[in-house]
Amino acid sequence: MVSQTEREKTGFETRAIHAGYEPDPTTGAVIPPIYATSTYAQDGVGGLRGGYEYSRSANPTRTVLEANLAALEEGERGFAFASGLAAEDAVLRALTEPGQHLVIPDDAYGGTFRLVDKVAGPWGLRHTPVQVADLDAVRAAVEPGRTRIVWAETPTNPLLNIGDIEALAGIAHDAGALLVVDNTFASPYLQQPLTLGADVVVHSTTKYVGGHSDVVGGAVVVRDLDLAERIGFHQNAMGAVAGPFDAWLTLRGIRTLALRMDRHCDNAEQVAAFLDVHPGVTQVYYPGLPGHPGHEVAARQMRRFGGMVSLRVAGGEEQALALCERTRIFTLGESLGGVESLIEHPGRMTHASVAGTSLEVPPDLVRLSVGIETAEDLLADLEQALG
Ligand SMILES: *Cc1c(COP(=O)(O)O)cnc(C)c1O
């Protein structure tokens with residue numbers, strides 16, 4: 001057995017497979033069982049056998065996932081939620097009060113914007129959307145003493161803008177605010193925001209972390225134990241926890257996260273290079289391209305550049321919609337980060353809810369989640385679909 005301290009010094013792949021795991025005490029099962037139980041027998045009132053009393057508060061399968069997520073992000077504590085948005089909601093409720101202010105990316109995930117605008121807004125939280133790649137704009141948007149959170153996504157969805165995490169942490173901390181980073185697009189394999197000064201990392205584990213498009217989930221990871229206590233209190237008080245089946249599936253996905261991410265990156269690099277010179281494409285957004293405005297920052301803070309590629313199609317919205325309907329291997333659908341390639345039209349699909357706001361996306365924009373199929377097949381599919 002590798003001890004917990006030895007484990008902390010191990011590499012990412014080793015942590016993904018071992019952190020938080022212990023062979024099952026009764027059977028020796030190497031893979032943690034799905035503890036499908038709501039409650040736990042007590043030996044006398046308050047006499048808990050394994051520290052568990054009720055599965056909203058804690059469940060052994062979820063405990064393994066939470067310890068594993070903390071290790072992947074090099075944090076102290078991890079929390080697993082029923083969805084990415086449930087994780088974000090817990091962060092907002094646990095760490096802000098009505099009357100405070102939030103800075104959010106002007107191209108944030110549509111659901112994040114909706115949560116901030118339509119749920120946290122009426123509850124009393126004000127927000128200012130800014131371009132997180134523009135540090136001066138972030139500095140100007142922060143209200144010292146009133147801004148409680150600078151929220152960043154990097155790379156952003158769907159335009160793949162890059163925010164400089166270290167610099168954003170400096171701006172947030174100077175104003176007495178916390179930096180929260182949505183690390184969904186990068187995954188902890190490619191980027192670890194807590195090591196760059198962020199205070200809180202959130203994930204939609206539905207995407208790369210789970211990686212197989214078979215489970216919806218969310219995560220929060222922190223280093224500071226006071227923040228951990230508040231997130232933990234709200235996780236239990238609000239109750240949007242990951243169930244044991246979901247936790248088990250997410251753990252199953254995580255064991256191959258590093259392998260999958262490397263192949264996602266290999267394939268996305270090829271797709272971006274192919275689209276970059278294609279006459280049917282007017283612009284490619286991929287931080288791995290040297291001409292991308294965030295390329296240097298991404299090269300500094302990310303291991304590689306990820307599996308998401310967005311493009312603008314010559315001929316406008318009509319051609320963009322046609323491309324989405326003509327691909328055969330790229331499946332038309334929302335979501336991202338699974339082993340299979342997906343294509344979507346953000347303006348009509350994932351980002352339809354932000355039409356008419358500052359977060360509106362161009363109508364000729366198409367987003368690709370590049371999967372881990374054979375690269376040549378993906379290129380051939382895009383070639384025939386672009387016509
Ligand atoms: C999908 C997504 C979310 C929301 O997560 P759910 O699991 O769908 O609730 C948040 N942020 C980003 C960047 C996402 O892609």
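Taken together, the values in this text are just the output of simple stated rules run on the coordinates, not laboratory data. No experiment lies behind these values; they were computed from the predicted model shown. Note: ideal-geometry Cβ built from the backbone for every residue, glycine included; neighbour counts use all protein chains shown.
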Quick one: which residues, 5 or more positions from residue 106 or on another chain, have an amide H under 5 Å from its amide H? H modelled 1.01 Å from N in the peptide plane, none for Pro or chain starts. 130, 131, 132
Quick one: which of 137-143, 95-101, 153-159 comes out on top by average Cβ neighbours within 10 Å, and what's the full order, highest first? 153-159, 137-143, 95-101
Taking amide H positions as placed 1.01 Å from N in the peptide plane, with prolines and chain starts having none, which residues 5 or more places from residue 310, or on another chain, fall under 5 Å of its amide H? 285, 368
When the Cα atoms of region 275-360 are enclosed in a convex hull and the volume is divided per residue, what value in Å³ results? 126 Å³
Quick one: Karplus J couplings for region 14-28, per residue in order, coefficients 6.51, -1.76, 1.60, θ = phi - 60°, nearest Hz, x for Gly and Pro? 5, 5, 4, 8, 10, 5, x, 8, 9, x, 4, x, 8, 10, x
Using only C-alpha atoms and all pairs of different ones, pull out the Kirkwood radius for region 240-319 in Å with one decimal. 14.8 Å
Expressed in angstrom and ordered largest first, the alpha-carbon extents of region 63-197 along the principal axes are 39, 29, 28
Counting each pair of different Cα atoms once, what's the Kirkwood radius of region 71-148 in Å, rounded to one decimal? 13.6 Å
If you wrap a convex hull around the C-alpha atoms of region 148-203 and split its volume per residue, what is the figure in Å³? 66 Å³
Under 8 Å for C-alpha pairs, at least 6 residues apart: give me the relative contact order for the chain, rounded to a whole percent. 16 percent
Reduced Cα scattering model of the chain, Debye log10 I(q)/I(0), q = 0.07, 0.09 Å⁻¹: -0.31, -0.52
Note, ³J(HN,Hα) from phi for region 130-145, Karplus 6.51, -1.76, 1.60, rounded to Hz, x at Gly and Pro: 9, 7, 6, 6, 9, 5, 5, 5, 5, 4, 6, 7, 6, 10, x, x
Vicinal HN-Hα couplings computed from phi for region 295-304 (Karplus, 6.51 cos²θ - 1.76 cosθ + 1.60; Hz; Gly/Pro x): 4, 5, 5, 4, 5, 6, 9, 10, 5, 9
Which percent, to the nearest 5, of DSSP beta bridges fully inside the chain are antiparallel? 60 percent
